[in-house]
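The values are calculated or read from the model by the stated rules, or taken from the named source; none is laboratory data. Since we're looking at a predicted model, the values are computed, not measured. Neighbour counts are summed over all protein chains in view; Cβ atoms, including those assigned to glycine, are modelled from backbone coordinates with ideal geometry. Protein only, heavy atoms only, side chains kept; ligands, DNA and RNA dropped before computing areas. Shrake-Rupley method; radii C 1.70, N 1.55, O 1.52, S 1.80 Å.
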Amino acid sequence: LVTAGVYLLIRFNMLLIDMFFFKLLLLLSGLTMFMAGVSANYEFDLKKIIALSTLSQLGLMMSILSMGLSELAFFHLLTHAMFKALLFMCAGVIIHMMNDNQDIRYMGGISLYIPMTSLCMNISNLALCGIPFLAGFYSKDLILEMVSMSNLNMLIFFLYYFSTGLTMFYTIRLLMYLMINDYNLFSIYNLYDEDYVMLKSMFLLLFMSLVTGSFLMWMIFNYPYMIYLPFNMKMMVIYVSLMGLFMGYLISNMKIYSLNKFLMTYN
């Protein structure tokens, strides 16, 4: 239901191509991508962070669609569906384990208690970031290289790459809050082992979010894209991802909000 509008525009893209409306849509969806990435960095609600990252990816699909590359938008829609479904399932298990509490400041050390769910969560998050050779990398990298090949202005280019960096930023922030942070004595943890019913479908989605990028690339592109870029521009995706990783790590280490609230009460 979320991507229904994107799918509709993909189906009707032959009618819409070369319209002035598409230039406006490119700007608006680039700004959507940027805004959703920025606001995901300031949220403490687990579902809201994932929903904003979905919004950011939708902005990416719409903007690549408004450049006239509908096959590429469809490809990203499919790969994004795999790991984002897995991400939402993991978030559901975690929230259920937390006795329906969604605040990530109350979570910590989850990987000690539900290791399999944390594994699925981390791999789907990394696929979302576009770590090389996971599902998200194939579509995202191809999209960003087609943007680099096109003759668009600097603003659109900046929006694309900065939004990619922001994706890495809030993912690392989520990972630091959920996995790396200490178990913060939250008195209403409902710590069971694992939800084995959920894990069956989660492992299937985990496998899909590993292989589906290369598989779909082999399936749906009947004509190969020839991309010829200088080395630094080719590596630009890796650069902004590493930058976002570094920044997310630094911000999470500042310990502004992640101090142990329950130990503070003993003062």
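Across all Cα pairs in segment 85-229, the calculated P(r) in 10 Å bins from zero up to the longest distance comes to 10, 34, 29, 17, 8, 1 percent per bin. Taking a ≥ b ≥ c as the square roots of the eigenvalues of the alpha-carbon gyration tensor, segment 96-153 is classed prolate because a/c is 1.5 or more and a/b outweighs b/c.
Any idea how far the Cα center of segment 56-85 sits from the one of segment 91-170, in Å? Spelled out, the Cα-based centre of one part sits 14 Å from the other. Taking the Cβ-Cβ separation of Asn232 and Ile17 as r and a Förster radius of 35 Å, what is the calculated FRET efficiency to the nearest 0.05? With a Förster radius of 35 Å, E is 0.65. For Met243 and Val197, a Förster radius of 30 Å and the Cβ-Cβ distance give a FRET efficiency of 0.15, rounded to the nearest 0.05.
Pairs of Cα atoms nearer than 8 Å and 6+ residues apart set the relative contact order; for segment 2-261 it is 25 percent.
Which stretch or stretches of segment 77-103 have amide N atoms under 11 Å from the point lying 7 Å from Asp45's Cα along the Cα→Cβ direction? Under cut-off, by backbone N: 102-103. Listed cross-link partners Lys84/Lys200; Lys140/Lys200; Lys48/Lys234; Lys47/Lys200; Lys48/Lys140 are compared with a 24 Å cut-off, the Cα-Cα value being larger for Lys140/Lys200; Lys48/Lys234.
For segment 2-261, carbon and sulfur atoms together expose 72% of the accessible surface, with a 1.4 angstrom probe and every protein chain in place. Prolate is the label for the chain. Its Cα gyration tensor axes, ordered a ≥ b ≥ c, give a/c of at least 1.5 and a/b above b/c. Annotation for segment 1-64: chymotrypsin sites (Phe, Trp or Tyr not before Pro) lying in DSSP loop with at most 15 further Cβ atoms inside 10 Å of their Cβ are Phe12, Tyr42, Phe44. Sorting the segments 132-142, 90-100 by their residues' average number of neighbouring beta-carbon atoms within 10 angstrom, most packed first, yields 132-142, 90-100. Ranked by the mean number of other Cβ atoms within 10 Å of their residues, highest first, the peptides 156-162, 77-83, 59-65, 223-229 come out as 59-65, 77-83, 156-162, 223-229.
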